[in-house]
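Step one of this worksheet: look at the structure below.
The values are calculated or read from the model by the stated rules, or taken from the named source; none is laboratory data. In this text, all values refer to a predicted model and were calculated from it rather than measured experimentally. Because the Cβ atoms are built from the backbone with ideal geometry, glycine has one as well, and the counts that use them run over all protein chains shown.
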Amino acid sequence: MKNLKRLICFIIVFTASSCSKDWLELDQPGNNDKPYFVDESTAFEAVVAAYDVQAWRMNVVTLWAVGSVMSDDAVKGGESPGD
């Protein structure tokens with residue numbers, strides 16, 4: 001019985017001191033609430049970053065993987081898969 005009272009007291013103290021509100025609500029390290037598109041130059045930078053991948057034309061395979069596979073047109077060839 002004495003051990004049960006100690007256990008209950010320990011659980012109460014542990015539960016009461018385990019979490020605080022500031023510990024539960026942390027800011028995410030990658031989260032930025034400031035607006036990025038504040039003027040025309042930042043919007044242009046975003047467009048350039050989106051289309052910059054197309055300038056990496058190493059060979060035809062990369063263009064096929066980016067274009068055709070992502071558009072669900074991965075089977076290339078003739079009329080049947082055996083071609």
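Of all residues in region 23-68 being at pLDDT 85 or above and of a type in the set (S, T, N, Q), which is surrounded by the fewest Cβ atoms within 10 Å (Cβ to Cβ)?
In this case the residue turns out to be SER41.
Under 6 Å between Cβ atoms, at least 6 apart or on separate chains: pull out the pairs that start in region 1-22 with a residue that is at pLDDT below 80 and exposed (fewer than 10 other Cβ atoms within 10 Å of the Cβ) and end on any residue that is in a helix (DSSP H, G or I) and of a type in the set (S, T, N, Q).
none
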